[in-house]
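Inspection log for the structure reproduced underneath, given as structure tokens.
We did not get these values from a lab; they are worked out from the coordinates using the rules stated. This one's a predicted model, so the numbers in the text were calculated from it and none came from an experiment. Neighbour counts are summed over all protein chains in view; Cβ atoms, including those assigned to glycine, are modelled from backbone coordinates with ideal geometry.
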Amino acid sequence: MKNILILGSGGREHALSWKISQSPKCKKLFIAPGNAGTSNTGTNVNLNILDFEEVQSFVDKEDIHLIVVGPEAPLVEGIYDYFNDHEVHVIGPSKQASQLEGSKAFANDFMKEFNIPTAGYLTITKASIEKGFEFIDQQKDKIVLKADGLAAGKGVLIIDDKTQAKDALRKMLEGQFGQASETVVIEEFLDGIEFSVFVATDGEGYQILPVAKDYKRIGEGDTGLNTGGMGAVSPVPFVSDELMQKVKDQIIEPTIHGLNKRAYTYKGFIFLGLIKVDEDPFVIEYNCRLGDPETEVVIPRIKNDFVDILEAISDKSINNCHVEISEESAATIMLVSGGYPESYEKNKLITGIEAVEDSIVFHAGTKTTETKTLTNGGRVMAITSLEKDFRAAIHKSLRNIKRIQFEKMDFRNDIGFDL
Ligand code: AMP
Ligand code: GLY
């Protein structure tokens with residue numbers, strides 16, 4: 001029996017707490033800071049998850065055995081290393097290995113060293129801006145500019161025109177995204193369709209979790225601004241067994257090999273943001289955590305006791321932990337506050353959640369008062385359904401969304417449109 005602490009407050013963390021709370025191996029479950037949904041699966045605690053001493057006092061007080069880290073920031077800040085000397089196990093990579101997400105230049109150099117297919121690229125700082133201009137001139141298609149560091153999902157620009165791209169490069173280097181863009185990676189544009197693969201690893205062995213596809217743009221038909229994610233499906237119809245074999249041989253195995261070769265500790269989840277170009281997979285990005293809203297479709301398809309998977313990650317026995325995946329398809333649709341991803345209002349009363357039938361409501365930006373559930377963020381809740389195929393699952397979620405209301409509620413009607 002384990003006492004478990006989940007860090008984070010989004011739909012991903014509610015999906016994790018929903019699943020973990022079903023395990024007979026979980027004694028007490030805490031979520032910091034959590035949301036209105038997680039408070040139904042365990043106890044919310046108001047901790048600053050970037051203040052590791054504060055987290056540690058709580059861990060000591062409640063005799064926590066496992067910390068499951070949802071978002072990337074505590075990982076990139078080194079929460080794994082901080083707790084490495086303690087009795088408690090952190091699910092997530094070490095600070096060094098988190099650089100796969102924390103620095104685009106680091107990730108690209110890693111992929112180059114271990115022959116992992118990705119876009120051609122050049123890393124540029126102010127001092128080498130002229131080289132950047134030359135590289136832009138050589139591009140045949142659009143130009144991809146990436147702030148090297150974490151930029152809250154906003155640090156990637158894709159530009160058609162070379163003059164505009166050079167201008168954008170200059171602005172980025174001059175601090176458009178603060179320190180994150182003091183270094184910029186320029187990449188070749190890869191033309192294809194994206195999907196996400198999640199791997200649970202103990203650093204040596206691994207298990208592949210269900211494949212998913214998320215929809216990042218705010219507007220229908222994949223138009224408008226980028227968001228954290230407006231919906232997702234799992235599995236992904238175009239991801240064939242042949243394609244997955246290539247992902248395994250060309251990307252997952254060399255990634256694990258690379259981690260070993262560089263002696264990086266990685267006990268957590270690797271999120272591979274992939275793109276299929278013709279029949280081949282390429283890496284668009286690594287993340288050092290699970291995706292949101294992908295987790296809201298991945299977790300409901302995993303049949304195992306999730307604590308078994310977490311324990312296998314932490315005690316280095318993941319190769320013996322066979323992951324059983326449901327044949328059903330899952331789809332999720334995110335309800336967002338009108339205005340998101342730009343400015344939006346909070347504290348709107350949410351009604352009708354209790355009328356939802358046969359879908360799972362994963363809360364994201366929500367909070368409770370004594371009697372009410374209120375909006376508390378841009379992405380408010382994800383409505384997940386399981387069905388025989390993704391279309392039926394989407395229809396079920398859409399039917400249930402009609403029952404939920406809050407002022408200025410918005411969502412995408414077309415999740416899965418391109419499949
Ligand atoms: P990232 O933060 O690296 O995932 O980039 C954000 C989004 O930009 C991705 O989801 C892709 O849609 C797009 N993108 C990033 N890199 C490339 C690339 N080299 N070629 C085409 N699209 C890209
Ligand atoms: N849904 C994309 C992400 O979690 O980064």
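Structural remarks
- Per-residue HN-Hα couplings for the stretch 291-303 [Karplus 6.51, -1.76, 1.60; θ = phi - 60°; Hz; x = Gly/Pro]: x, 9, x, 4, 4, 6, 10, 6, 4, x, 8, 8, 8
- Modelled label positions at residue 182 and residue 351, each set 7 Å beyond Cα in the direction of Cβ, lie 5.2 nm from each other.
- Formal net charge of residues neighbouring residue 383 (Cβ-Cβ distance under 14 Å; K, R +1; D, E -1): 0
- Label zone at residue 248, where the point sits 7 Å out along the Cα-to-Cβ direction: the stretch 191-213 residues whose backbone N lies under 18 Å: 196-212
- Rounded to the nearest 20 debye, dipole of the chain from Cβ charges on Lys, Arg, Asp, Glu: 780
- The 3J(HN,Hα) values that the Karplus relation (6.51, -1.76, 1.60; θ = phi - 60°) gives for the stretch 386-394 are, in residue order, 10, 8, 5, 9, 5, 5, 4, 5, 5 Hz. Gly and Pro appear as x.
- Theoretical FRET efficiency, 1/(1+(r/R0)^6), r = Cβ-Cβ of residue 410 and residue 389, R0 45 Å, to 0.05: 0.95
- Dipole axis of the stretch 287-419 (+1 Lys, Arg; -1 Asp, Glu on Cβ), positive-most option in 337, 302, 401: 337
- Net lengthening on full extension, residue 327/residue 261 (0.36 nm per residue, minus Cα-Cα): 20.2 nm
- Here is the list for the stretch 360-413: trypsin sites (Lys or Arg not before Pro) lying in DSSP coil, each with at most 13 other C-beta atoms within 10 angstrom of its C-beta, are 372, 388, 402, 408.
- Charge-dipole axis of the stretch 33-83 as Lys and Arg at +1 and Asp and Glu at -1 on Cβ define it, positive-most pick from 38, 59, 71: 38
- Rounded to the nearest 20 debye, dipole of the stretch 263-419 from Cβ charges on Lys, Arg, Asp, Glu: 600
- Distance between the pseudo-spin-label points of residue 85 and residue 238 (7 Å out from Cα toward the beta carbon): 5.0 nm.
- With contacts taken as Cα pairs under 8 Å and at least 6 residues apart, the stretch 150-303 reaches a relative contact order of 25 percent.
- Rounded FRET efficiency, nearest 0.05, which uses the C-beta distance separating residue 216 from residue 308 and R0 of 30 Å: 0.40
- Counting other Cβ atoms within 10 Å as a rough exposure proxy, the listed residues 240, 128, 234, 343 run 343, 240, 128, 234 from fewest neighbours to most.
- Potential lengthening between residue 358 and residue 223 on full extension [0.36 nm per residue; Cα-Cα distance subtracted]: 45.6 nm
- Proxy reagent accessibility, fewest Cβ within 10 Å first, across 363, 395, 89: 395, 89, 363
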